[in-house]
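This report concerns only the one structure given below.
The values are calculated or read from the model by the stated rules, or taken from the named source; none is laboratory data. Only a predicted model underlies this, so the values are computations on that prediction, with no experimental measurement involved. Here Cβ is always computed from backbone atoms with ideal geometry, including for glycine, and neighbour counts include all displayed protein chains.
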Amino acid sequence: MTPVIELEGLGVRFGKRDILKGLTCSLSGRTIGLLGPNGAGKSTLINTLLGFHKPSSGTARIFGHDIRSKITHVRSVVGYMPENDAFIANMTAVAFVRLMGELSGLPSEAALERAHEALFYVGLGEARYRKVGTYSLGMKQLAKLAQAIVHGPKLIILDEPTNGLDPPARQRMVRMIKEMRDAHDVHIVLCSHLLRDVEETCEEVLILKEGRIVHYSNLEEERRANRRFVEMEPIGDTAGLALALEGLGCECAFSGGQRLKAVLSEGIEIRDIYRLAAERDIQLRRLNYRRDTLEDIFLKAMETN
Amino acid sequence: MAVYKRSYRAYSGRLTPEWSRFYILTRYALGNLFRSKFLTAAFVMCFFGPLVCMVGIYLNHNASVLALLHTRADQIINVNGKFFLGFLGMQGGLAFFLTAFIGPNTIAPDLANGALPLYFCRSFSRAEYVLGKLCALFYLLSLITWVPGLILFGIESNLSGVAWMWENRSLASGIFLGSVIWILMISLIAMALSAWVKWRIAAGAMVLGVMFFLSGFGAAVNGVLRSNIGHYMTPGSLITRVCADLFGVETPIEISVWSAWVGLLVMCGLCVLLLSRKVRAFEVVR
């Protein structure tokens, strides 16, 4: 399968400052999260992928198309929702989204039809004849999303889509991203400071710091791997339980008093732990999967680099 | 699909050719311009001059009116190069004032609201963006400059006969060429200034200010240095010199025609340079 985004020693320089430094990776997930502190180069990377900045070294490919030589084609398959305010103030939302659809190549009637659909889809159906300049911040975010999806792109780049949204609106936006990801043949790149948004929606995460990739994580694989890592709080012969688990091939370790951590070996399920505990008359007060949150991953990446 | 289904779906229909997409901006820009009643009224007023000229040309050839006024045909209006130079001067001036009002509406709002990334993240280039906006101005200003000019030429040809038309055929090309150069220059100046001054009203004032300042400065330079260098700084002088040559009329502007052409090209080039610096998805702070 052709990767969604391939970076090959991608470097971007503004004047004498290196903003992106030799980024190399291949991303194929349906939703790709871009994380990093302020000034890490996330927006520059997005802008470079869209052809707004010229790479000073290396290159990037989107769906196999080189951004240096095929930028027009790349742009035709991408929908972009910028971070900052971006709209045409004296236009109604439907005219605005229609214009963007037409500029993407849709014939006028098709653009109008899809503008209505996109605005209903993002939840602006009732306000679609209002001028975009009169919208609240949250509504402007939704209008930006509508213009990004009006032409049905294969890749949607969302730059801080939940910025300035109140909690219900944020929830709605996250739900919409998940729905687009799950129900359709579309890939999403999500650039956000909010780790929770990225964790909820993304399969792959790329963490940038000072223009370099400091961590790549396939959250889906990690989630699957972490399902084997349990933490429990037994009351009774804890050491005996640990020995029994080790006898089944699990790795065990004590942490903080009675707490026991175990990495389950292949074929061992949770019910086996309960069975062993019952055989030894041990109470299990608490048992849960322990996995690294995205915050743990992010902080670790920041510390180690 | 009905809107009530409210679902995201990919688009698989036909696409418009890429080369034609600049015209979408022209269409939207023209629609937007005529929403203003003031501009619509101003635009209609611009047809007053051509209408008067049209009536004048008709009367000039109406034997009963001439007999009534006890005058000869060429004593009312003499339709020649001088007439068309004056006509273009009048309509060109109106076109300039109209451009000062509508020019800044084309680019400044997009810049002020950060809309440029939305245009350029599509398969739509910066040149197409400028061309689309420029075409809107070109269409509008054409309707008050060379289109009525050529209509007047046609009426005079019809009334005076084919011989007159053949003899004065250079006037027709002069009307068209002179108007197009003037439209291009004032449109580019208005667009370049509106790209640099994002506030629409300030940009309009700037367009007027720059033109008047350049004219004043040019005249001052001419006066102080007792030379003709100041004419090169005055767009009005440059275009008058070029148009006078196109119509074969004498003019007090004593600069060579080719240098006037070069001056106009340099001014247009400067405007394009200013536009290329500002019309971009993101400004990079180096």
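Can you go through B:Leu270, B:Leu246, B:Leu274 and tell me which one is under 17 Å from B:Leu85 (Cβ atoms), more than 14 Å from every other protein chain (Cβ to nearest Cβ), in contact (Cβ under 8 Å) with a residue 24 or more places away in the chain and in a helix (DSSP H, G or I)?
Result of the check over B:Leu270, B:Leu246, B:Leu274: B:Leu246.
Given the conditions (1) more than 9 Å from chain B (Cβ to nearest Cβ); (2) among the charged types (D, E, K, R); (3) under 25 Å from B:Phe22 (Cβ atoms), which single one is not true for A:Arg130?
(3)
May I ask you to list the residues in the range A:230-257 that are at negative phi and assigned to a loop (DSSP other than H, G, I, E, B)?
Across the range A:230-257, the qualifying residues are A:Asp237, A:Leu248, A:Cys250, A:Ser255.
Looking for something surrounded by 23 or more Cβ atoms within 10 Å (Cβ to Cβ) and under 27 Å from A:Leu145 (Cα atoms) - is there at least one such residue anywhere in the range B:77-89?
No, because not a single residue in the range B:77-89 is surrounded by 23 or more Cβ atoms within 10 Å (Cβ to Cβ) and under 27 Å from A:Leu145 (Cα atoms).
Against the definition (of a type in the set (A, V, I, L, M) and modelled with pLDDT under 95), how does A:Leu142 come out, yes or no?
yes
Looking for whichever is assigned by TED's automatic domain parsing to the domain that holds A:Val205, over 28 Å from B:Val279 (Cβ atoms) and either surrounded by 16 or more Cβ atoms within 10 Å (Cβ to Cβ) or not aromatic (Phe, Trp, Tyr) (or both) here; the options are A:Gly22, A:Gly58. Which one fits?
Criteria check complete, one pass: A:Gly22.
Taking the range A:78-115 as the search range and keeping residues that are hydroxyl-bearing (Ser, Thr, Tyr) and more than 8 Å from chain B (Cβ to nearest Cβ), which one is farthest from the chain's Cα centre (by Cα)?
Here the residue is A:Ser108.
Looking at (1) at the interface with chain B (Cβ under 7 Å from one of its Cβ atoms); (2) closer than 22 Å to A:Gly125 by Cα, can you tell me which one A:Thr72 breaks?
Just one mismatch for A:Thr72, condition (2).
For the range B:125-156, name all the residues that are among the polar types (S, T, N, Q) and modelled with pLDDT under 95.
B:Ser125
What pairs come out if I take residues in the range B:18-34 that are within 10 Å of chain A (Cβ to nearest Cβ) and surrounded by fewer than 21 Cβ atoms within 10 Å (Cβ to Cβ) and pair them with residues that are outside any helix (DSSP H, G or I) and acidic (Asp, Glu) whose C-beta lies under 6 Å away, six or more apart or interchain?
The qualifying pairs do not exist here.
For the range A:45-55, name all the residues that are within 12 Å of another protein chain (Cβ to nearest Cβ) and free of Cβ contacts under 8 Å to residues at least 60 places away in the same chain.
A:Asn47, A:Thr48, A:Gly51, A:Phe52, A:His53, A:Lys54
Conditions tested, residue by residue: (1) among the β-branched types (Val, Ile, Thr); (2) in contact with a Ser or Thr (Cβ under 9 Å, 6 or more places away or on another chain); (3) modelled with pLDDT under 85; (4) exposed (fewer than 15 other Cβ atoms within 10 Å of the Cβ).
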site	(1), (2), (3), (4)
A:Phe254	no, yes, yes, yes
A:Gln258	no, yes, yes, yes
A:Lys261	no, yes, yes, no
A:Ser265	no, no, yes, yes
A:Ala278	no, no, no, yes
A:Ile282	yes, yes, no, no
A:Glu295	no, no, yes, yes
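Give, as residue ranges, the helices (runs of 4 or more DSSP H) completely inside the range B:40-154 that count at least 1 residues that are touching a His at 6+ places or on another chain (Cβ under 9 Å) and within 24 Å of B:Phe247 (Cα to Cα).
B:73-76
Among the helices (runs of 4 or more DSSP H) lying completely within the range A:1-109, list those that include at least 1 residues that are among the hydroxyl-bearing types (Ser, Thr, Tyr), at pLDDT 95 or above and in contact with a helix residue (DSSP H, G or I) (Cβ under 6 Å, 6 or more places away or on another chain).
none
With respect to B:Ser7, is the statement that it is within 14 Å of another protein chain (Cβ to nearest Cβ), at pLDDT 90 or above and out of contact with any Leu (no Cβ under 7 Å at 6 or more places or on another chain) true?
No; evaluated as a whole, the condition is false for this residue.
Check B:Phe153, B:Phe138, B:Phe124 and return the single one that is more than 26 Å from B:Cys46 (Cα to Cα) and either buried (at least 18 other Cβ atoms within 10 Å of the Cβ) or touching a residue at least 24 places away in the same chain (Cβ under 8 Å) (or both).
Exactly one of B:Phe153, B:Phe138, B:Phe124 is more than 26 Å from B:Cys46 (Cα to Cα) and either buried (at least 18 other Cβ atoms within 10 Å of the Cβ) or touching a residue at least 24 places away in the same chain (Cβ under 8 Å) (or both), namely B:Phe124.
Scan the range B:92-108 for residues that are crowded, with 21+ Cβ neighbours inside 10 Å and touching a residue at least 60 places away in the same chain (Cβ under 8 Å) and jot them down.
Across the range B:92-108, the qualifying residues are B:Gly92, B:Ala95, B:Phe96, B:Thr99, B:Ala100, B:Ile102, B:Gly103, B:Pro104, B:Asn105, B:Thr106, B:Ile107, B:Ala108.
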